[in-house]
Structure formats: C-alpha cells, structure tokens
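**Student:** My questions will all concern the structure given below.
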Amino acid sequence: MSEESAQARWERLSQRPLLALAVLFAVAYAVPIVKPSAGAAVTRACLVAEWVVWGAFAADYVVRLSLTRQRLEFVRRHWLDLCAVVLPLLQPLRLLRVVSTLMLVGRRARMASQIRLTTYVVGSVVGLLMFGSLAVLSVEREAPNGNIRTLGDAVWWSFTTMTTVGYGDHAPTTGLGRILAVGLMLSGIALLGVVTANIAAWFIARFEKDDAEERRQTEAIAALTEEVRALRAEMAALSGSAPVSAEPAAPGAGPGRSLSGTP
C-alpha cells in the first residue's frame, strides 16, 4: 500500500468519528457555561470529555505524521495543526484547549472532499458564533464591570462583533474578553471575504459558461456556413463541366453536317 493511499484511507475512516467527537466537545464545553449550577461531577465529566476530544485530534495528527515519509514537509505544510496540538500543553487554560480543538476540527473538516465550501463556511459561522458566545460569557459573566451576563447577551454580542457592526450596547471589559472580540472580528472579516469571493466566482463561472456556449454556437454557424459555401462551389464546378446536349438533327441532314449546314 502506498503512502498516499494509507494516509487517504486513514483520513477517510477517521473523518466521521472525529466530527462526532467535535460535537461531543461542543456539548461538554457548553454545559458548564449554560448551566453553572451543574454539580461538580458533571463539570468534571465535561472537563474530561474536552481533554479526550483534544487527545483524539492530537493522536490523529500523530498518525497522519507517521504515515508519511516526508515528515519535515508534512510538519511544514501542517504547522497550524502542530500549533493546535502543542498549544494546550504549554499553558493548560480552558480557552486555549477550545481554540486548539476548533483549529483541529476546522483543518480536518477542510480536508473532507465531500464538504462543499458553502457547508464549510456555514459551519464555521455557526461554530464561531456558538463558541464565541460561550467563551465570552464564561469570561465576562463574573467581571465586576461586565455587561454580558446572559447567553442571549453573549449571542447578540458575538453576532454584532462577527459582522463588524458593533452597536456598543454590549462589550467585553476584561483583557481576555477583548482578545476574543479581536478574534471574532478577524474571523468575521475573513468569512465575509470567503463568501464574497464565492459569490463572485459563481457569477464569473456563469458568465464564462454563457460565453463558452455562445462561442460554440458561433463556431457551429461558421462551420455550417463554410460547408454551404463548399457545396455551392462544388455544384457550380459540376454544372460548369457537364457537356451541353446538342439539338436534334433536321430530317434529311447528312451525317457529316451540322444543323446550320456548315460542313
């Protein structure tokens, strides 16, 4: 089995399980924030689930690295994946684990050929809105001067931040919350650029398709016109080279005389 086929086979087999683990991570991350009154056992279980999911994506990176012979080239091309794997180990903060898992999920989902660009963009928007809202709520809810106290306030703030509208009715007051705001703004601008480019590419493709069809029709008409001209020229040549039939001879005319009587 070749290197490419082994790596492609692994990516195909692990695609759905990793995406299912990503959903589990989203639930485990959301439960303690949405329901802060949950018991210590529930919070501990969610924390364990988060680390397990991150560990699964880290193991996926190690397996893909082991399946390639050009490992330095693989690390160079997938340096973001490496950062996402190493990031939580350097400083085991919960937010860093969230960011690294989101990076790994996004990179892994982008490799799936069956996921179209529109689906990827929509999923990215929903994921950023959800995790941005939960992250800022967990950071700002206990802040002394914070005004993001409920999940509704956090979702509204995330939406206005990603669209770069920024009404200002809700804003983070902590340093970590402002870092989240910068990340959401940059992500919103990037996704907006992707959507705009996708729409422009669709229009260009439609116009190019129409132009190509018009060119094909023009070429077909030109070919038919050339054929008609060739047929006309051939018919003219045939009619010009055909012998003209003589008029019937008059009664009594000699065999060696023409109709005018000239010998």
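**Student:** Which ones in the range 25-46 are assigned to a helix (DSSP H, G or I), more than 32 Å from the chain's Cα centre (by Cα) and either closer than 23 Å to Leu128 by Cβ or of a type outside the set (Gly, Ala, Ser) (or both)?
**Tutor:** Passing the criteria: Pro32, Val42, Thr43, Arg44.
**Student:** Determine, yes or no, whether Thr119 is without any contact (Cβ under 8 Å) to a residue 12 or more places away in the chain and either in contact with a strand residue (DSSP E or B) (Cβ under 7 Å, 6 or more places away or on another chain) or buried (at least 16 other Cβ atoms within 10 Å of the Cβ) (or both). Walk me through it before giving the result.
**Tutor:** On the way: without any contact (Cβ under 8 Å) to a residue 12 or more places away in the chain: yes; either in contact with a strand residue (DSSP E or B) (Cβ under 7 Å, 6 or more places away or on another chain) or buried (at least 16 other Cβ atoms within 10 Å of the Cβ) (or both): no.
The answer is no for Thr119.
**Student:** May I pose another question? Would you check which residues across the range 158-183 are among the hydrophobic types (A, V, I, L, M, F, W, C) and in contact with a Pro (Cβ under 8 Å, 6 or more places away or on another chain) and list them? Let's see the steps before the verdict.
**Tutor:** Taking the range 158-183 first, the residues among the hydrophobic types (A, V, I, L, M, F, W, C) are 159, 162, 165, 171, 176, 179-182.
Of everything in the range 158-183, those that are among the hydrophobic types (A, V, I, L, M, F, W, C) and in contact with a Pro (Cβ under 8 Å, 6 or more places away or on another chain) turn out to be Leu180, Ala181.
**Student:** What helices (runs of 4 or more DSSP H), lying completely within the range 68-165, carry at least 1 residues that are at pLDDT below 80? If you could, list the steps in order and put the result at the bottom.
**Tutor:** Numbers: elements: 71-77, 79-90, 94-110, 117-140, 151-162.
The qualifying helices (runs of 4 or more DSSP H) are 79-90, 94-110, 117-140.
**Student:** Residue check, Lys209 against (1) modelled with pLDDT of 75 or more; (2) of a type in the set (Lys, Arg); (3) in the same structural domain as Val122 (by TED's automatic domain parsing), all met but one. Which one?
**Tutor:** (1)
**Student:** Something else: Report, ordered by the first and then the second residue, all pairs with beta carbons closer than 7 Å, sequence separation of six or more or different chains, a first member in the range 6-24 that is in a helix (DSSP H, G or I), and a second member that is surrounded by 11 or more Cβ atoms within 10 Å (Cβ to Cβ) and modelled with pLDDT under 80.
**Tutor:** Final answer for the pair search is Glu11/Met111; Gln15/Ala112; Leu18/Arg108; Leu19/Ala109; Ala22/Val105.
**Student:** Restricting to the range 58-87, and then to whatever is among the aromatic types (Phe, Trp, Tyr) and free of Cβ contacts under 8 Å to residues at least 24 places away in the same chain, can you tell me which residue is surrounded by the fewest Cβ atoms within 10 Å (Cβ to Cβ)? Let's see the steps before the verdict.
**Tutor:** Quick first cut of the range 58-87, residues among the aromatic types (Phe, Trp, Tyr) only: 61, 74, 79.
Retained after the next criterion (residues that are free of Cβ contacts under 8 Å to residues at least 24 places away in the same chain): 74, 79.
Working: Phe74: 19, Trp79: 10.
Checked the range 58-87; the qualifying residue surrounded by the fewest Cβ atoms within 10 Å (Cβ to Cβ) is Trp79.
**Student:** Pairs under 6 Å by beta carbon, first residue assigned by TED's automatic domain parsing to the domain that holds Thr161 in the range 136-147, partner among the small types (Gly, Ala, Ser) and in a loop (DSSP other than H, G, I, E, B), six or more apart or different chains?
**Tutor:** Listed by first residue and then by second, the contacts come to Glu140/Gly146.
**Student:** Are there any pairs with C-beta distances below 8 angstrom linking a residue in the range 165-187 that is in the same structural domain as Val125 (by TED's automatic domain parsing) and of a type in the set (Ser, Thr, Tyr) to a residue that is buried (at least 16 other Cβ atoms within 10 Å of the Cβ) and part of a helix (DSSP H, G or I), with the two at least 6 apart or on different chains, and if so which?
**Tutor:** Final answer for the pair search is Tyr167/Thr160; Thr173/Glu140; Thr174/Val139; Thr174/Glu140; Ser187/Ser124; Ser187/Leu128; Ser187/Met162.
The values are calculated or read from the model by the stated rules, or taken from the named source; none is laboratory data. Worth saying up front: this structure is predicted, and the values here are computed from it rather than measured. Cβ sites come from the backbone with ideal geometry, for glycine too, and all protein chains shown count toward neighbours.
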